[in-house]
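The values are calculated or read from the model by the stated rules, or taken from the named source; none is laboratory data. Everything numeric in this text was worked out from a predicted model, so none of it was measured. Cβ atoms come from the backbone with ideal geometry, glycine included; neighbour counts cover every protein chain shown. Just so you know, the surface numbers come from the protein's heavy atoms only, side chains and all, with ligands and any DNA or RNA stripped out. Shrake-Rupley method; radii C 1.70, N 1.55, O 1.52, S 1.80 Å.
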Amino acid sequence: MREITYRQALNEALAEELERDPDVFLMGEEVAEYQGAYKVSHGLLQRFGPTRVIDTPISENGFAGLGVGAAMVGLRPIIEFMTFSFSLVAFDQVVNNAPNMFTMSGGQFNIAVTFRGPNGPAHQLGATHSHATENFYASVPGLKVCTPATPRDAKGLLKTAVRDDNPVLVLEAELLYSSKGMVEPPDEELLIPLGKADVKREGSDVSVICYAQTVPLALKVASQLEEEDISAEIVDLRSIKPLDEKAIFDSVAKTHRVVIVEQDHPFCGVGAEVCYRIQKNIFDALDAPIIRVSQEDVPMPYNERLEHAVLPNAEKLIAAVKQVCYA
Amino acid sequence: MTAMQPGEQRDEVEMLSLMLLIRRFEERASQQYQAQKIGGFCHLYIGQEAVVTGAVAAVRDDDYIITAYRDHAHALARSTSANACMAELFGKATGCSRGLGGSMHFFDRNNHMYGGHAIVAAHVPLAVGMAFAIKYRGEDRVTLCFFGDGAINQGAFHEALNLAALYKLPIVFICENNLFAMGTSVKRSTSLKQIVDRAEGYDIPGEIVDGMNFREVRDKIAEIVDSIRKESHPAFLEVRTYRYRGHSMSDPASYRTKEELEKYRLDDPITRLRAQLTREGKLTNEQFDLLDKRAKETVLAAVKFAEKSPQLPIEKLFDYTYVDGAVAAGVSPAKSGESAAGTAAISEERR
């Protein structure tokens with residue numbers, strides 16, 4: 001194991017998959033000559049050449065559709081959105097074409113495409129550039145959605161996504177690109193299955209269910225809560241769809257109290273689904289109502305103080321944990 | 001249809017026979033729709049037969065074709081059986097999309113027919129992706145992308161043309177201009193005097209061809225495809241044609257005059273090819289009648305086949321969402337298989 005950044009981990013995943021399979025190519029805005037808007041594809045053009053690493057014009061609908069079409073005839077495209085906020089321009093391709101093709105063709109055409117890029121609010125980018133899209137996309141049958149929070153998960157999930165025969169969205173966390181973590185060396189194959197959550201910290205009093213940018217937040221809060229003798233178990237979903245129900249239920253059966261901290265909006269958010277499944281399946285294990293911490297139900301303001309107030313943050317999470325623990 | 005050798009032309013009598021099959025298929029589909037054997041939307045191709053027939057006659061069987069929702073003819077032209085096509089309209093498991101696609105979503109992988117796409121212009125980027133794959137793999141195939149005059153004002157169309165030109169992809173954009181996008185005439189939808197001028201904006205060579213004339217369509221597409229195979233590039237063809245029926249089965253087409261319709265009927269593509277072949281001594285009236293009789297029989301047999309075909313069992317409902325089956329959605333397959341009482345029950349059970 002060695003310590004690398006989330007960005008480097010993604011870069012290694014891309015390089016390894018491009019190296020392994022000639023049917024894999026990377027396409028998107030600024031992925032080649034510019035070396036990636038967030039430098040995730042740094043060096044790939046030089047290593048794999050312009051037929052495998054391809055710059056596009058600003059045409060999300062066009063190149064997302066190109067990826068789906070190339071997948072219809074057997075290629076395995078990796079399509080980068082500079083941010084998933086821009087994927088909304090390609091919503092028709094991601095929602096109508098990629099996941100429906102397998103069904104509509106009676107199983108003749110599977111779409112082995114990976115859509116990836118940063119997702120979720122970053123820092124003072126305003127309403128149009130701050131979308132957390134996981135709940136939109138996870139609600140679409142036929143799509144798989146994962147949300148890595150650590151360099152190791154980012155590498156392992158992206159590599160798995162590229163090899164998956166279905167359309168998979170890898171929703172990266174912009175604020176975590178420079179974060180560091182321990183990852184297996186490049187000569188050791190690292191594949192993390194979709195649909196497997198990971199307990200990032202064990203605890204006994206409350207389960208904090210989180211993903212993506214809310215994982216470091218939850219871990220930070222867990223350390224603070226420890227000082228107040230509250231032991232929080234941090235369950236990182238890693239994949240939104242498929243959802244690892246077993247890991248969630250196992251944790252809840254142990255702690256009996258749940259806070260879900262998500263980066264999307266509250267109405268029909270990821271937490272609503274998780275919450276439904278917990279009460280449906282292990283209602284008797286609960287000692288308190290489940291509380292969700294999410295963004296506030298407003299478009300994201302630019303103002304820094306207001307943005308902080310909209311986002312799930314430590315104060316809100318601590319308050320929620322204390323509430324479910326009756327502390 | 002038999003596999004073609006390079007340079008060989010498809011037999012014109014055979015192609016006339018295909019046009020008859022398409023015509024009779026669509027007429028029977030219309031009747032079965034009225035008899036409520038076919039659900040949803042149903043868009044008929046009657047009047048436009050020479051377009052797809054001319055196109056497939058000009059290319060190889062392994063070239064890719066993809067179209068919009070008026071797609072029955074494109075599947076038939078690619079040798080998808082009338083049985084599989086009719087069964088799809090009936091929603092049966094023997095259909096070319098197992099009854100999961102319906103009229104607007106015909107697919108036939110083995111015959112390189114890539115759909116059947118119902119969001120206007122959304123398939124044009126897909127076609128560009130298929131052409132991208134051809135070039136990526138260094139093959140000499142060509143993609144034929146069909147769409148209507150309604151598609152040319154959608155963003156996806158413009159993005160796709162730009163990408164195809166930028167990457168010099170082997171694709172022919174074939175606009176089947178039947179003068180109406182649903183009920184809106186081209187004059188009311190498009191700022192250009194002629195649709196082909198759209199291509200010029202992307203530096204793509206464009207031409208116009210008479211879509212009621214099989215030979216003209218075939219020869220023009222053959223010429224374009226020949227050029228593309230020599231050196232990969234996109235091309236645009238505006239094919240001027242006409243649909244005799246409304247936009248869909250529910251449309252009485254009151255936005256146009258009877259005189260206009262009659263004018264085009266007099267220029268019928270089947271009548272025209274028949275007359276050409278008869279004049280040249282390649283077809284007798286008896287032979288034509290026999291072809292027509294065979295087409296009608298094939299279609300009637302297809303209706304019978306569709307009627308007696310089974311539907312996809314409800315237990316199979318979750319098998320066509322993910323390649324790896326129900327497991328992928330976090331559902332145990334045994335669980336979803338257990339409840340066959342109806343989709344609502346399954347939906348609840350799988351939670």
**Q.** the protein assembly as shown: antiparallel DSSP beta bridges as a percent of all, rounded to 5
**A.** 20
Q. In percent, what relative contact order does chain A have, based on Cα pairs under 8 Å that are 6 or more apart in sequence?
A. 16
Q: Just order B:302-315, A:14-27, A:113-126 by mean Cβ neighbour count inside 10 Å, highest at the front, would you?
A: A:113-126, A:14-27, B:302-315
Q) Percent of accessible area on the protein assembly as shown owned by carbon and sulfur, 1.4 Å probe? A) 52
Q) Which of A:Ala90, A:Gly67, A:Asn110 sits closest to the plus end of the dipole of chain A, meaning its Cα is farthest towards the positive end, when Lys and Arg get +1 and Asp and Glu get -1 on the C-beta? A) A:Asn110
**Q.** Percent of beta bridges antiparallel (DSSP, segment A:97-256, rounded to nearest 5)
**A.** 25
Q: Please give the helix B:12-34 orientation as an angle from the longest Cα principal axis of chain B, in degrees from 0 to 90, rounded to the nearest 10.
A: 50
Q.
Counting heavy atoms of the protein chains only and a 1.4 Å probe, report the per residue accessible area for segment B:12-308 as a whole number of Å².
A. 38
Q | Mean Cα-pair separation over length for segment B:160-247, i.e. relative contact order, pairs under 8 Å, 6 or more apart, % | A | 48
Q) Hull surface divided by four, with the convex hull built on the Cα atoms of the protein assembly as shown: how many nm²? A) 32.1
Q: Could you list the residues of segment A:176-215 with an amide nitrogen less than 16 Å from a label point located 7 Å from the Cα of A:Arg2 in the Cα-to-C-beta direction?
A: A:180-190
Q: Quickly rank B:98-106, A:220-228, B:183-191 as a protection proxy: mean count of other C-beta atoms within 10 Å, highest first.
A: B:98-106, A:220-228, B:183-191
Q: Report, in deg cm²/dmol and to the nearest 500, the calculated mean residue ellipticity at 222 nm for chain B, where each DSSP H run with n ≥ 4 adds -39500 (n - 2.57) and the sum is divided by the residue count.
A: -13500 deg cm²/dmol
Q. Relative contact order for chain B using alpha-carbon pairs under 8 Å, separation at least 6, rounded to a whole percent?
A. 21
(Q) Give the average, rounded to an integer, of partner chain Cβ atoms located within 10 angstrom of each Cβ in A:70-78. (A) 6
Q: Would you list the P(r) distribution for segment B:12-308, with all Cα-Cα distances sorted into 5 Å bins from 0 and each bin expressed as a whole %?
A: 1, 6, 12, 17, 19, 17, 14, 9, 4, 1, 0
**Q.** Accessible area per residue in Å² at 1.4 Å probe, computed on chain A
**A.** 36
Q. How many nm is it between the label spots at A:Ala285 and B:Lys135, if each spot is 7 Å from the Cα in line with the beta carbon?
A. 5.3
Q. Listed here are the pairs B:Lys220/B:Lys258; B:Lys282/B:Lys304; B:Lys37/B:Lys308; which of them are more than 24 Å apart at the Cα?
A. B:Lys220/B:Lys258; B:Lys282/B:Lys304
Q: Taking the Cα centre of segment A:2-183 as origin, sum charge times position over the Cβ atoms of Lys and Arg (+1) and Asp and Glu (-1), and report the length of that vector in debye to the nearest 20.
A: 400
**Q.** Accessible area that becomes buried as A packs against B, both chains, 1.4 Å probe, Å², nearest 100
**A.** 3900
**Q.** Partner chain coverage, peptide B:161-173 - average Cβ within 10 angstrom
**A.** 2
Q: Could you estimate the translational diffusion coefficient of segment B:72-218 from the Stokes-Einstein equation, with Rh from the Kirkwood formula over C-alpha pairs, at 20 °C and 1.002 mPa s, in whole µm²/s?
A: 130
(Q) As an exercise, use a Förster radius of 45 Å and the Cβ-Cβ distance of A:Ser223 and B:Lys316 to find the FRET efficiency, rounded to the nearest 0.05. (A) 0.35
